[in-house]
1. If DNA, RNA and ligands are ignored and the probe is 1.4 Å, what is the ranking of GLU87, GLU140 by accessible area, most exposed first?
2. Set the Förster distance to 35 Å, then compute FRET efficiency between ALA311 and ALA253 from the Cβ-Cβ distance, nearest 0.05.
3. If you take the charge dipole of the chain about its Cα centre, with +1 on Lys and Arg Cβ and -1 on Asp and Glu Cβ, which of ALA289, PHE216, PRO138 is farthest toward its positive end?
4. Using protein chains only and a probe of 1.4 angstrom, how many square angstrom of GLU345 are accessible, to the nearest 10?
5. If you filter region 148-250 for chymotrypsin sites (Phe, Trp or Tyr not before Pro), then keep DSSP loop positions with at most 12 other Cβ within 10 Å, what is left?
6. What FRET efficiency, computed as 1/(1 + (r/R0)^6) with R0 = 41 Å and r the Cβ-Cβ distance, is obtained for ALA170 and THR283, rounded to the nearest 0.05?
7. Enumerate by residue number the chymotrypsin sites (Phe, Trp or Tyr not before Pro) in region 81-120 meeting two conditions: DSSP loop (anything except H, G, I, E, B), and at most 12 other Cβ atoms within 10 Å of the site's Cβ.
8. Using the heavy atoms of the protein chains and a 1.4 angstrom probe, tell me the accessible area per residue for the chain in square angstrom.
Amino acid sequence: MDLPDVTAKPFHDQAAAVRAMGSPFVAAVLDAVGRQLPRAPLTCARVAGWPRDEAADALAMRVAGALHALARRGEDAALTRLYRDREGDLDRTIGDALARADAFVADWIRDPPQTNEVGRTAATMAALMVLRTHHAMPVELLELGASAGLNLNLTAYAHDLGGVRAGDAASPVRVAPDWRGPPPPAGAIEVATARGVDLHPLAVTQAGARDRLLAFVWPDDAARADRLTAALGIARHAPPRVDRGDILAWLPAQLARSQPAGLARVVVHSMVMQYLSPADRATVDAAMADAGAQATADRPLARIAFEWTPARDAVRLRLTIWPDGRTIDLATCHAYGAWIDWRGEG
């Protein structure tokens, strides 16, 4: 039996979005979940009573991640085979898996997705190149919602940004989005220090954390999985620094630290603001504005935001630079960085 429209809608809506982003298998899984979730009463009740915006909280992708995690474990042979072959009786297999693992799925979706998509570092690197044309100096990276911190290692990855090369050319992690528009301004990026924060940071040395990250990679996108696995390998030898904490307390404390002359402080976040309430987003904006008011030419501050527009109809890359406080709409992007439609400074 299908779910009531109000409860099934997040899954069918997300299926349409995922299909448009190039994952027909995950889209089909989500549509099947919309039809089969009544077989998992605990999860169904949690979805029906979800207290916040389901799209902003990526509720459907939480359920998809739980199912992929179950498939990767291999304990449900039919589910594992479905995810391996990406064909078969989707409704029966998904429905059976939801019924058997109802408690697991209901618990899994309590926490937001942990994608830590390293493909998004292309956008960050390109924004840093623009920043360098204004302030040619090393940068201090501060990442909000850093997950396992893989994106803090961006200079250890090989980037091809519309023909402009950056990072480590010998890296096993290759980040080469489909680039549309002119290339970014070429220039070497030096990251002096990098540090992040997350409510539930994942330790790259722990197998469970690696499994959770891989569960949120689409099973029909082997290139993303391979890139993530390579990035995890780098991180085990060069562990990123990620603090456990709340953005609202962590960010003002970091911005209040003494900033050496000749160092650009850069706050970066990707697909994080959607999980904050409007009041909390306003608090982040105010903290940045207050710190920006103290910025100078030799102690600049910047913010790189890779986030959905308020209407959730596009992912926008924006760069704000202080002391002048100018915001530049640099690009629109694929949600996972597969393509970048670059406009630069216009």
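The values are calculated or read from the model by the stated rules, or taken from the named source; none is laboratory data. From a predicted model like this one, the values you see are computed outputs, not experimental measurements. FYI the Cβ positions are ideal-geometry reconstructions off the backbone, even for glycines, and counts take in every protein chain you see. The accessibility values were calculated without ligands, DNA or RNA, using every heavy atom of the protein model including side chains. Shrake-Rupley method; radii C 1.70, N 1.55, O 1.52, S 1.80 Å.
1. Highest to lowest solvent-accessible surface, that is GLU87, GLU140.
2. Working: r = 33 Å, r/R0 = 0.94.
Calculated value: 0.60.
3. Final value for the positive-end residue is PRO138.
4. Surface open to solvent at GLU345 totals about 80 Å².
5. none
6. On the way: r = 42 Å, r/R0 = 1.02.
Here the calculated transfer efficiency is 0.45.
7. none
8. I get 43 Å² per residue for this part.
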